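One structure below.
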Amino acid sequence: MSGSTAAAGAPLPRWIDFGVLPLLNALLALAVAGALVALLGHSPAQAMRLLVEGAFGSGLAWGYTLHYATNFIFTGLAVALAAHAGLFNIGAEGQASVGGLLACVVALALDRWLPGWAVLLLAMPAAALGGAAWAAVPAWLQARRGSHIVITTIMFNFLASALLVWLLVNVLAVPGNPSVESRALAEGVGLPKAQALLAALGVNAPATPLNAALGLALLCAAGLWVLLWHTRLGHALRTLGHAPGAAHYAGLSSVRLTLIALMGSGALAGGVGINEVLGVHHRLLLDFVAGAGFTGIAVALMGRNHPAGIVLAALLFGALVQGGSELAFEIPTFSRDMVTAVQGLVVLFCGALALMLRPLVARLWALWTLRARRVAPAGEGA
Amino acid sequence: MIALRGIHKRFGSVHASRGVTLEVAPGSIHGLIGENGAGKSTLMGILYGLHPPDEGTIEVDGHALKPGSARDAIAAGIGMVHQHFMLVDRFTVLENIVLGAEQGFVLAPSLAAARREVLRLAAEFGLEVDPDAVAGELPVGVLQRVEILKALYRGARVLILDEPTGVLTPQEADQLMRMLRQLKRRGTTVLLITHKLREVLAVTDRVTVMRAGEVVATRETAATTEAELAELMVGRKVRLGREGPPAQPGAVVLSARGLGWRDAQGVARLSGIDLDLRQGEIVGVAGVSGNGQSELLELLAGLRPLQSGEIRLAADGERPAGVWPLDPHRLRQLGVAHVPEDRHRLGLVLDFEAWESAALGYTDDAAIARGPAVLGLLDHRAMRAQCAGMMADFDVRPPDPAWRSAKFSGGNQQKLVIARELRRAPRLLLIGQPTRGVDIGAIETIHRALRRLRDAGCAVLLVSTELDEILALADRIVVMSQGRITGEMARDAADEVTIGRCMGQGGIAA
Amino acid sequence: QAQPAVVYDAGGKFDKSFNEAAYNGMERFRKETGGSYLEFEIANDTQREQAFRRMAQKGANPIIGIGFTQASALEKVAKEFPQLKFAIVDMVVNLPNVQSVVFKEQEGSFLAGMAAAMASRSGKVGFIGGMDVPLIRRFQCGYEQGAKHANPKAETLSNMTGTTPAAWSDPTRGGELARNQFSRGVDVIFAAAGGTGVGVYQAAKDQGRLAIGVDSNQNHLHPGTMLTSMVKRVDVAVFNIARSVKDNRWQSGVQVLGLKENGVALAMDEHNAKLVTPEMKKKLDAAQADIVAGRIKVADYMADNACRY
Amino acid sequence: MSELQELATVVASVLGATLRISVPLVLCALAGVLSERAGVIDIGLEGKLLAAAFAAAVAGAFGWPAGAALLAAVAAGMALSAVHGLACIRFRGDQIVSGVAINILALGLTAVIGLHLFQRGGRTPDVPPEGRFGVLFDEAARAVQDWPLIGPLLAEALLRHTLLTWLAFALVPAVWWLLYRTRFGLRLRAVGENPAMVDAAGISVAGLRWRAVLLAGVLCGIGGAFLTLAQNASFTPGMSAGRGFMALAAMVFGHWHPVRALWACLLFGLLDAVAIRLQGTVLPGLGAVPVELIQALPYLFTVVLLAGFFGRAQAPAALGQSFTKER
Ligand SMILES: Nc1ncnc2c1ncn2[C@@H]1O[C@H](COP(=O)(O)OP(=O)(O)OP(=O)(O)O)[C@@H](O)[C@H]1O
Ligand SMILES: Nc1ncnc2c1ncn2[C@@H]1O[C@H](COP(=O)(O)OP(=O)(O)OP(=O)(O)O)[C@@H](O)[C@H]1O
Ligand SMILES: [Mg+2]
Ligand SMILES: [Mg+2]
């Protein structure tokens, strides 16, 4: 699971490995998607244009793209943190649900009594706490009893959804409201919207769900980078992940580190709750996570478990979701399933088949450098 | 006749084989020696078809082999016992042996045939193994036998052994040498890579010396000496053996009383161990491997829980006393360093770059901290510098802190681990098999460093299955057999016969 | 002339259920008026608001939200665009530019329960819901009451499919739930579970029992097996909304569509003619008249989050 | 009818349900065992199951006989397996990313193609009865079902199953035999533990992994056909509904061993069947239990079982590692 894929094959300049190749892969993915689109009777060029414009063509588009990306950053970081400690956390979905649940419960309990900022100050840690708590049991079972993390986190996803439905329907429901949702938080409780923040800077931005949670997500990414590569704890976590024997030899407690890694992972997943519940909807909805936890797996791996890579991969996925819905708006016959298929192709070509073109590119690069070398002395001779 | 001609092999920027030509007479035992990283394993890997060479040809009995095809090599009768065993831990011995040489789709007949053949080979060569034992549970010495059986089962007429004795006890090594002679009598050609010149002199007919990817010499064994070979390998004169002033043992640093340890099956691995370690003294623990030395070492190092008995660390200056159970981290803080026997699995994180591995266990060192202590931030530049320092002290090659730990050869990995553990002036060093698989030049470096450490007043507990090493380094020798101390003597009172007698004793209370 | 727009809920426009009914209404509008319309299927909660806003920016009129989950998003956007007309199905939004259409599912379910109890030989009827949420409980409660009304000794077994979104599209599990009920003596099952229902109907067919469809008329799926369908005339509602804007007779406010308004009904057609005996038909008609006249009070679960009758 | 007979009926129906619920899990778990024993992580079980279900339903809807539709499902499973193999074996891509991609792709493509073919929102028309796998021994079941006590058990729990159910359970010993009693199995397991060794033995690592991965596709294909040709008669988008992931859990639970995985699948099936049975019943002493709690019971129970009784599962040593000759 370590992102050692880059190590395969001959060394290439970094700008090729991290710039040219991903670009080529994305183009290939879009070419195949285009073929599919054409096969189904649409114009690939138009679809392409709509997809890109829909994701990046306006302030509005950027707002939505970044909003979706925020969720994916949180879950991608969550998966990556666990992965560095050698743990495969499939449970980000459930952890995010419970994070949002706890944040909302705290906010609902306090919003009538405390000012908005104070509620936020308590609800945001509650989201992290909820996520961490939901990860704690699988973590403990893994560390102490050796129960396989993959099974327990899958089970805890189902348990989270059952808990959420039950609470929403039986405890948090508003009588007379058929919607499966809690009551709305008091006016003024919620993270500042990007629109408001930009307005304070004198920038006129359209209303989008984008909110301060993006900043938090980026902070988390930077924080995770510092944690993993610049602190003793990070060194310890990665030691455990790469060589459990060496971790034991170094006197690191695998139980403690497993708990820290998975609970940290859950806390990061809880960020989805902050973004969706406190940032956008201001109430608890049944399916506010909407698969972001699972997408996080792909995001983390495509980002090679590195925070910077994860932010970029999250942006890509955010763009696919937003550009995809724009496509569906504009071409009525372009169903949302088509968007899903295109997303699958992108994950396939940009993620799983990321190294497919590498040998070819390496050969071209070798030819190029060879020619350059041959040309240079010739030039001198002349 | 086996002939490799003009072999070139590059791994990225490393030129591991530079136009090597090697000819081996059929039915002979041919030695291949050289420093760590000289290119011995690479060359043999090419012969066996593991790596395709960049240039060059391989011929066996006049037929050219297809480069990079293990299948072709096996068909031509080549068998190889790899430096790191190529076995599936979860398979039985029989399954491991049969793999790749099965006769039909259904396994049972092959297994039955293999069982007969293995028992026959075992009888012929004294290679006794339980065909139904699970490989992962066997000691290395037996695994080695399995590897050899594997090659013989495939009807190998050419047998390559890559450092076969590195992990063997002296007795096992002797047995192996006897077997090689026996194979030779049967007409098998043997290619033997080793770092132990004594073995080379004892069994080979000819010997080839490699340095930095090239063949520097080939000699008739009868016409050469240990000193000449050592010099050819390292490119300078090498001195091994006892040197320097005798030890001046000081105060007791560690005392253990009545140590016992039982494994998960309830079998006693250690019992009634009393041991004192003093400042300025190297205590060597001798014994056939598997007699409790590893358990003792790991118990003292905090890697195993204390079950019975007590271990105390005396106070010393500003460093406080300690009573076990203590975890390895706390022990390091108390000045107890540990070089593990298994450097691959324990001593390093293979995926880390060298400078990160160089901080393993010592990330709380103030010299590499940065910013407020609560944050636990690490100073990368200091870490790299520290690693570069270690590499310089111990001549780690290449001296590049940014190399991945896995890319260093075993000898250089070992030097790095030792450098790290010696770095912080420990008062007690626990060290297991310090020179296993390490070339002569590196052995010299390591031995010198251990003596220097002792002279600086450190207590050293040295566990080694190499009697030569114990005799060369230890000031006091403890012999273990079946989990007990069966002999203890000063260096000057020790010789191989006495120690050997103690090793054979035992009898253990369950 | 502005195009109408419709925003379907997460089930998608082909859910064989109320989204599909809305789709059919819009198709009818297209055919009858020759106009075109815009549409969008929700894939996640955030898209709701985005969808309404995009439709509003395109100047669509009216903008129809299908499903109660659309309420808060629609409310927000309707406030932003007071000059446009909005409508929501299955939920009430009190704004001057919003028309709300809600159905008395309990009344239709009551008749479905009666039909089930009358067709049942064992006196045991079954209900399979998608998720244990208030709207589904409203169906369940009316159904139970209806069954008891037709046969005081009737027993109703209820199952819910799951707690994840997959609960609405898991026919395999639906089939298994149905088999379980059949093995306990149930011989008629009413499924209000979206795509999961397909599996319930199939199981009924495989085991030679009866099933009742929901939302759209599903009688044609398995003639001889589908006893009837409890249809919710979302298609009519949606068609009327779109039509009224075109004809300039649109009104805001709340429309509650029950049996009386023909908003809910049991589907009777050639596919189930053999299953519904004249006697059953007569009793159903009588009950319907009683409900319309207020002589029978059908319990509304959502009125007080309890099933009391 | 005596109380005992009633009990027998209940037990029979729960056992029958257990077997039916287990079938797709068993097939996918076996697929997972084959693939992962060869060192290739198979997160894409869900997607393969879905695609196969779709292919079978489409073929059935076009009037193909059941056997041909089964082959179509197998082909679909293998096609996605080939994508997985291309990504992970040929191009050494990340195995988990590839699996995730397959899941997303299958979810999208089946709906898109289904919509394109039939204009029913991705749903397929019903497969005609003769194109489905019917219950095999219905006559016999009818004959015995009224026998005291064992009647219902024989009929419901044993006889009223389709060919695919029998096939699924028969495949368990078959896969076990393949893995533990044949040359292919020995090599396959070796390649998941120590590919370098297999390579050194002169056997193609990639070749073995390809075969394992494709076989996994075949098994998922049968599982998919079971969903649309036996349990149901049509395809609904997303109808695999997480079964691939449960199978993955069962495979891990079963320590990557076909027979133990079977027990895990049966356990999941039983817990699920019991939960279905318990729904809506009033438990003595507890009163009416919330549906959600009962729905959560199988998952809770699994976690408890894992924590209490099952030791550390040992994954194949080289699981997830792509193999390169040049280390
Ligand atoms: N797969 C590889 N990739 C990169 N470099 C390699 C690889 N294998 C060997 N090398 C390099 O080739 C050189 C020769 O290695 P080789 O293993 O042949 O040495 P050796 O003589 O066997 O050493 P030792 O005594 O430690 O076994 C070393 O410098 C090593 O770093
Ligand atoms: N992943 C790798 N990348 C580059 N080089 C490698 C890699 N793995 C091993 N090597 C090189 O291959 C050679 C053999 O590696 P190995 O791990 O077998 O060391 P070693 O031969 O055991 O050393 P020693 O014999 O001293 O114990 C080493 O010289 C090492 O530099
Ligand atoms: Mg070597
Ligand atoms: Mg070596």
Residues of segment D:294-316 being within 7 Å of another protein chain (Cβ to nearest Cβ) and modelled with pLDDT of 80 or more, which ones?
D:Gln295, D:Ala296, D:Tyr299, D:Leu300, D:Thr302, D:Val303
Only one of these conditions is not met by C:His271: (1) touching a Pro at 6+ places or on another chain (Cβ under 7 Å); (2) assigned to a helix (DSSP H, G or I). Which number is it?
(2)
By residue number, the members of segment B:351-386 that are free of Cβ contacts under 8 Å to residues at least 12 places away in the same chain and among the aliphatic types (A, V, I, L, M) are B:Ala366, B:Ala369, B:Ala373, B:Val374, B:Leu375, B:Leu377, B:Ala385
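Based on this model, can you work out whether B:Pro139 counts as within 16 Å of ligand 2 (Cβ to nearest atom) and within 30 Å of B:His195 (Cα to Cα)? Give the steps one after another, and end with the answer.
Working: within 16 Å of ligand 2 (Cβ to nearest atom): no; within 30 Å of B:His195 (Cα to Cα): yes.
So B:Pro139 fails the test.
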Here the residues within segment A:105-136 that are surrounded by 19 or more Cβ atoms within 10 Å (Cβ to Cβ) and closer than 24 Å to D:Ile43 by Cα are A:Gly131, A:Trp134, A:Ala135
If you go through segment B:425-434 one residue at a time, do you hit one that is at pLDDT 90 or above and of a type in the set (D, E, K, R)?
yes
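Residues are listed down the side, and each one gets a yes or a no for (1) touching a His at 6+ places or on another chain (Cβ under 6 Å); (2) within 12 Å of another protein chain (Cβ to nearest Cβ); (3) polar (S, T, N, Q); (4) more than 24 Å from A:Phe72 (Cα to Cα):
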position: A:Arg183; (1), (2), (3), (4): no, yes, no, yes
position: A:Glu187; (1), (2), (3), (4): no, no, no, yes
position: A:Ala199; (1), (2), (3), (4): no, no, no, yes
position: A:Asn204; (1), (2), (3), (4): no, no, yes, yes
position: A:Ala212; (1), (2), (3), (4): no, no, no, no
position: A:Trp225; (1), (2), (3), (4): no, no, no, no
position: A:Tyr249; (1), (2), (3), (4): no, yes, no, yes
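Name the strands (runs of 3 or more DSSP E) wholly within segment B:4-64 that hold at least 2 residues that are farther than 22 Å from B:Val200 by Cα and small (Gly, Ala, Ser)? Give the derivation first.
Details: elements: B:14-24, B:29-34, B:55-60.
Where strands (runs of 3 or more DSSP E) fall fully within segment B:4-64 and carry at least 2 residues being farther than 22 Å from B:Val200 by Cα and small (Gly, Ala, Ser), they are B:14-24.
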Test set (1) of a type in the set (Gly, Ala, Ser); (2) in a helix (DSSP H, G or I); (3) more than 16 Å from ligand 1 (Cβ to nearest atom) - B:Gly457 fails condition number:
(2)
Inside segment C:45-66, can you point out the residues that are facing chain A (nearest Cβ under 9 Å) and either farther than 14 Å from A:Glu326 by Cβ or among the aliphatic types (A, V, I, L, M) (or both)?
C:Asp45, C:Glu49, C:Ala51, C:Met55
Taking first residues from segment B:173-195 that are within 14 Å of another protein chain (Cβ to nearest Cβ) and second residues anywhere that are within 16 Å of ligand 4 (Cβ to nearest atom) and assigned to a strand (DSSP E or B), the pairs with Cβ under 6 Å that are 6 or more apart or on different chains are none
Of the numbered conditions (1) surrounded by fewer than 18 Cβ atoms within 10 Å (Cβ to Cβ); (2) within 13 Å of another protein chain (Cβ to nearest Cβ); (3) out of contact with any helix residue (DSSP H, G or I) (no Cβ under 8 Å at 6 or more places or on another chain), A:Leu168 fails exactly one; give the number of that condition.
(1)
I'd like to check something: does segment B:14-32 contain any residue that is modelled with pLDDT under 90, within 16 Å of ligand 1 (Cβ to nearest atom) and β-branched (Val, Ile, Thr)?
yes
Any hit, segment A:231-243, residues being more than 11 Å from chain B (Cβ to nearest Cβ) and buried (at least 24 other Cβ atoms within 10 Å of the Cβ)
yes
Please indicate, with yes or no, whether at least one residue in segment B:411-432 is away from ligand 3 (no atom under 16 Å from the Cβ), free of Cβ contacts under 8 Å to residues at least 60 places away in the same chain, over 26 Å from B:Pro320 (Cβ atoms) and not assigned by the TED database to the domain that holds B:Lys196.
no
Would you confirm, using the coordinates I've provided, whether A:Leu60 is surrounded by fewer than 24 Cβ atoms within 10 Å (Cβ to Cβ), more than 12 Å from chain D (Cβ to nearest Cβ), over 19 Å from the mean Cα position of the chain (by Cα) and not in a helix (DSSP H, G or I)?
no
Quick count over segment B:382-410, residues being crowded, with 21+ Cβ neighbours inside 10 Å and away from ligand 3 (no atom under 16 Å from the Cβ), is 9
Tally up the residues in segment A:275-311 that are under 14 Å from A:Leu218 (Cα atoms), away from chain C (no Cβ under 14 Å) and assigned to a helix (DSSP H, G or I), please.
5
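Kindly establish whether D:Ala52 is closer than 24 Å to D:Ala230 by Cα and either among the polar types (S, T, N, Q) or touching a residue at least 40 places away in the same chain (Cβ under 8 Å) (or both). Talk me through it step by step, then tell me what you get.
Working: closer than 24 Å to D:Ala230 by Cα: yes; either among the polar types (S, T, N, Q) or touching a residue at least 40 places away in the same chain (Cβ under 8 Å) (or both): yes.
So D:Ala52 fits the description; yes.
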Determine which member of the set B:Leu47, B:Leu65, B:Leu99 is at pLDDT 90 or above and away from ligand 3 (no atom under 14 Å from the Cβ).
B:Leu99
Quick count over segment B:353-377, residues being more than 7 Å from chain A (Cβ to nearest Cβ), at pLDDT 90 or above and in contact with a helix residue (DSSP H, G or I) (Cβ under 6 Å, 6 or more places away or on another chain), is 4
Subset of segment B:407-433, residues of a type in the set (D, E, K, R) and either within 14 Å of chain D (Cβ to nearest Cβ) or more than 16 Å from ligand 4 (Cβ to nearest atom) (or both), comes to B:Lys407, B:Arg420, B:Glu421, B:Arg423, B:Arg424, B:Arg427
Given the condition of a type in the set (Gly, Ala, Ser), closer than 27 Å to D:Arg187 by Cβ, within 16 Å of ligand 3 (Cβ to nearest atom) and surrounded by 16 or more Cβ atoms within 10 Å (Cβ to Cβ), answer yes or no: does some residue in segment B:17-30 qualify?
no
What do you reckon, is D:Ala155 of a type in the set (Gly, Ala, Ser), closer than 30 Å to A:Val347 by Cα and part of a helix (DSSP H, G or I)?
no
Restricting the search to segment B:418-452, which residues are more than 16 Å from ligand 1 (Cβ to nearest atom) and assigned to a helix (DSSP H, G or I)?
B:Ala419, B:Arg420, B:Glu421, B:Leu422, B:Arg423, B:His447, B:Arg448, B:Ala449, B:Leu450, B:Arg451, B:Arg452
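Here's the yes/no breakdown for (1) within 13 Å of chain C (Cβ to nearest Cβ); (2) of a type outside the set (A, V, I, L, M); (3) surrounded by fewer than 23 Cβ atoms within 10 Å (Cβ to Cβ):
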residue	(1), (2), (3)
D:Gln5	no, yes, yes
D:Val10	yes, no, yes
D:Leu25	yes, no, no
D:Ile41	no, no, no
D:Gly47	no, yes, no
D:Ala53	yes, no, no
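The values are calculated or read from the model by the stated rules, or taken from the named source; none is laboratory data. The structure presented is a predicted model; accordingly, all values stated were derived computationally and were not measured. Here the Cβ is made from the backbone with ideal geometry for all residues, glycine too, and neighbour counts use every protein chain on show.
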